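Below is one structure, written out as structure tokens; comments come after it.
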Amino acid sequence: MSWSRAEVLALATKAARGAGAPPAQAAHFGRAAAIHLGQGRDAAALGQALDALPAGAIMRMPLQLQELLLAAHGTVQHRLEIPTGGQPSLLRSYLETLPHATEVVAAHGDSLDVTVDTTTSAPSLRLGRVEGCAALLAQMTVLAARTFVPDSETSRRAGAGAGTSDND
Amino acid sequence: MKDFIAPPQAPLRPPDTVMRLSRMGSMFPTRLSFLRTLMRFLAAENARITRRSWQMCAEGYGHAVYCVDLGGYTYSLVAVSTKLDPAARTDRVIASAWDTAYVLYDGVPDADEVARICATAPKQEAARFTERDLVLSRANKSVRLFAHVVDRLRAGRQPDAAMIRDIGYLMRTTAVYGNGKFGIADRACIDTRPGFSGPFMAEMLTVWLIRHFTHDLVEHVGQGRLDRNLKRHLGIGNSTGLGMAPFLVTHPVLLNNWMLARETALARVRAVAHLNEEMQARLRQLMKRADRHLAEWQVPDLAHQRRIDCLCTDWAAFSAKVVPDGFAPENAIEALIDRALSESEDLQELLVALVIELFPDLVDGLADCMADPCGPVPEPIADTGGLRDVLERSFGWALALDYDATDQCRQFWYVSEAKQEPRLGDRFAEEGAALESPLDVARRMKALHDDLPQTSTALTVFLKEHPEHLMAVERAALAARYPYAEIRDNLIGQQCLPIDMLRCKLSFFGASKFDPKSDRWTRITLCQGAPLADELASRSDDWWLPVFEG
């Protein structure tokens, strides 16, 4: 079975929220996860990031992107060394969510040497369908379910603002 | 290469005026609505619909396949009709069976693919789909009208015109899923194809083809042909609930682009200096059409019917004031818009949609600006001092409220574990607020503002201490570039009516005849008055606010 990237994005976002990430960090993770798996990168990195909440990459990497964008603002091309926190492939996926063209120029130990060109839009990525990461998707499905409110009669009757029969 | 010279335009209406829920809940479809854009594209492509397969029993159960060639690609609608126990007929997401199910397929499906879709489409969310499946949908019959039309056709007669006028569709879609849901193709797979770069174009094509199928199905079961005018008035219904509302919050750039296109259209037509005789005649014609449309817009909900009746009365009075003397040839549109400023928001927004309708040359190109191909490009904010400035300049509407007051935080948005149906709860009467969905943008903006230090600090330092504010910070960073990105109201307040968000979004789809069933659920009609498949060349673009021609 294969998954669309939109499904992965939505599921990973909910999973991160279910695991305790605030909404924006969860949304960043969702976008990065869809690219990460669409690029065929290591699924385990995503599972580790979820396990590390409420700390770790999911909390750190959105701020690293903020720092990068801020440093690059007003320049044509900016170069910055960014610590990976032991997750270089996941950092690459986060970088690929940016609207600007970015390039990993080199890897130095536990950091990536990155350039960002604020005058050029990020190229369209040729991403594949997501397959073969059943364990991660199962983990994310369990975490995502933590964001759902248990059903109740009141909720069912009034929550959607509609009745349950439409024979008209 | 020719330089593009933008037409003159009046100032845009400010977001503080436009982005209020009550005004968004007064919107009407315009010629920028997605169905209108699609119809123009289909006409330009000289699109022809072919019915490739029709395997349907006498009672109308089976499947059909329709094909259409667009921009070098072939798309097929596979329609599956099944017998439904009336007890199971609900338009809610929690339904598990429907009268009909559909897939818009990329290419022409072979027998194996048709068999796969016939097996999976009726299961909807419970099944898995493939990258060849572009859109997944389902629809339930308006049992009363479908049965009536069948009976009349079988008797060799046409259906009752008043029923066609008042109900307006044979079936209602209850979901139209695109962009990767349940395994179907990601939007990125098709968004560079001709005709599909605009928002929801594949979904709109599906809806239009479903309407075509419903006409064929009722004629098949009724063993007769519907009168063309009656058929054209039969659009496709839709039932829509809360699932549509969060989209506007979670896609701020798209919301901005839709509203900005519409506001730019208005600003351009307001700047039209001279209205010739022909245009004045057209304006009078559209005002009369609006009058008839309002008179034909009848709904069961008494409160909403009163609102329609008020608009009907106000519109007649407004028209009576502005039409008899003729329109001043100079700055006529601007004068009309100014005269409406003392009228209701319903009337103002109807007038906005009407004047936009008059000027295809000024307006239609803006449809190309309504997608979001690049994603958000924020304007970075360096420190908390700069952030404070942005918040006080662009989010004053959010900072003024007290979110501890019960009326300002009574509602909470959530996703139920029951088929993940989006719902709205009362924070003080129901469980589940701890799992609230983050649609409380206004409250978050205020909380961020309250936590800003007196002395300006680097924003990244602040966010390390307050990671919970990242969402608010990122939305603030969009404000400069995307002025219409935020709904400028408190979405968790007691006064928030989600139906306003639904109407805004649905008007962009091209919906008419809003028929609210509550403050969070509505039925609508799509494609009413739209060209039939064999009319694309002759009447593709003059069906704003449809009126009955039976």
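Do we find that B:Phe4 is of a type in the set (Phe, Trp, Tyr) and modelled with pLDDT under 95 in this structure?
Judged against the criteria, B:Phe4 is a match.
When you go through (1) buried (at least 19 other Cβ atoms within 10 Å of the Cβ); (2) without any contact (Cβ under 8 Å) to a residue 24 or more places away in the chain one by one for B:Glu417, which number turns out not to apply?
(1)
Which of (1) buried (at least 21 other Cβ atoms within 10 Å of the Cβ); (2) closer than 14 Å to A:Leu112 by Cβ is the odd one out, the single condition A:Thr97 does not satisfy?
In the conditions (1) buried (at least 21 other Cβ atoms within 10 Å of the Cβ); (2) closer than 14 Å to A:Leu112 by Cβ, A:Thr97 misses (2) alone.
Is there a residue being of a type in the set (A, V, I, L, M, F, W, C), in contact with a helix residue (DSSP H, G or I) (Cβ under 6 Å, 6 or more places away or on another chain) and assigned by TED's automatic domain parsing to the domain that holds B:Val114 anywhere in region B:65-74?
Taking every residue of region B:65-74 in turn, none turns out to be of a type in the set (A, V, I, L, M, F, W, C), in contact with a helix residue (DSSP H, G or I) (Cβ under 6 Å, 6 or more places away or on another chain) and assigned by TED's automatic domain parsing to the domain that holds B:Val114.
Of the residues that sit in region B:389-406 and are small (Gly, Ala, Ser) and assigned to a helix (DSSP H, G or I), which one is nearest to B:Leu448 (Cα to Cα)?
Within region B:389-406, the match that is nearest to B:Leu448 (Cα to Cα) is B:Ala398.
Do we find a residue being within 26 Å of A:Pro150 (Cβ to Cβ) and among the small types (Gly, Ala, Ser) anywhere in region B:411-419?
yes
Looking only at region A:1-52, filter to residues that are facing chain B (nearest Cβ under 8 Å) and outside any helix (DSSP H, G or I); which one of those is surrounded by the fewest Cβ atoms within 10 Å (Cβ to Cβ)?
Only one residue tops the list, namely A:Met1.
Output the residue which, of all residues in region B:109-135 that are among the acidic types (Asp, Glu) and in a loop (DSSP other than H, G, I, E, B), is surrounded by the fewest Cβ atoms within 10 Å (Cβ to Cβ).
Filtering region B:109-135 for residues that are among the acidic types (Asp, Glu) and in a loop (DSSP other than H, G, I, E, B), the one surrounded by the fewest Cβ atoms within 10 Å (Cβ to Cβ) comes out as B:Asp110.
Please go through (1) closer than 24 Å to B:Cys409 by Cα; (2) buried (at least 21 other Cβ atoms within 10 Å of the Cβ) for B:Gln494 and return the number of the only condition it doesn't satisfy.
Unmet condition: (2).
Quickly run through region A:60-89 and pick out the residues that are among the small types (Gly, Ala, Ser) and surrounded by fewer than 17 Cβ atoms within 10 Å (Cβ to Cβ).
A:Ala71, A:Gly74, A:Gly86, A:Ser89
Can you tell me which residue is modelled with the lowest pLDDT among those in region B:363-421 that are at the interface with another protein chain (Cβ under 8 Å from one of its Cβ atoms) and touching a strand residue (DSSP E or B) at 6+ places or on another chain (Cβ under 6 Å)?
Per the stated criteria, the residue is B:Cys374.
Among the residues of region B:369-388, is any in contact with a Pro (Cβ under 7 Å, 6 or more places away or on another chain), surrounded by fewer than 16 Cβ atoms within 10 Å (Cβ to Cβ) and not in a helix (DSSP H, G or I)?
Within region B:369-388, one or more residues are in contact with a Pro (Cβ under 7 Å, 6 or more places away or on another chain), surrounded by fewer than 16 Cβ atoms within 10 Å (Cβ to Cβ) and not in a helix (DSSP H, G or I).
Would you mention how many residues in region B:112-129 are more than 28 Å from the chain's Cα centre (by Cα) and touching a residue at least 60 places away in the same chain (Cβ under 8 Å)?
Total satisfying the criteria: 1.
Kindly check whether there is at least one residue in region B:455-468 that is touching a strand residue (DSSP E or B) at 6+ places or on another chain (Cβ under 7 Å), within 11 Å of chain A (Cβ to nearest Cβ) and either of a type in the set (Gly, Ala, Ser) or surrounded by fewer than 18 Cβ atoms within 10 Å (Cβ to Cβ) (or both).
yes
Return the total of residues in region B:511-542 being closer than 30 Å to A:Ala158 by Cβ, in contact with a Leu (Cβ under 7 Å, 6 or more places away or on another chain) and of a type outside the set (Asp, Glu).
The number of residues fulfilling the criteria is 6.
Kindly indicate whether B:Ser53 is more than 23 Å from A:Asn167 (Cα to Cα), away from every other protein chain (no Cβ under 13 Å), surrounded by fewer than 21 Cβ atoms within 10 Å (Cβ to Cβ) and among the polar types (S, T, N, Q).
The answer is yes for B:Ser53.
List the number of the failed condition for B:Gln454; all other conditions in (1) over 18 Å from B:Ile167 (Cα atoms); (2) touching a helix residue (DSSP H, G or I) at 6+ places or on another chain (Cβ under 8 Å) hold.
(2)
In region B:69-82, what residues are touching a Leu at 6+ places or on another chain (Cβ under 7 Å) and either over 27 Å from B:Gln124 (Cβ atoms) or among the hydrophobic types (A, V, I, L, M, F, W, C) (or both)?
B:Leu77
What's the total number of residues in region B:498-550 that are closer than 26 Å to B:Lys231 by Cβ, assigned to a loop (DSSP other than H, G, I, E, B) and either among the hydrophobic types (A, V, I, L, M, F, W, C) or in contact (Cβ under 8 Å) with a residue 12 or more places away in the chain (or both)?
18
The values are calculated or read from the model by the stated rules, or taken from the named source; none is laboratory data. None of the values given here were measured: they were computed from a predicted structure. Methodologically, a virtual Cβ is constructed for each residue, glycine included, from the backbone with ideal geometry; neighbour enumeration extends over all protein chains shown.
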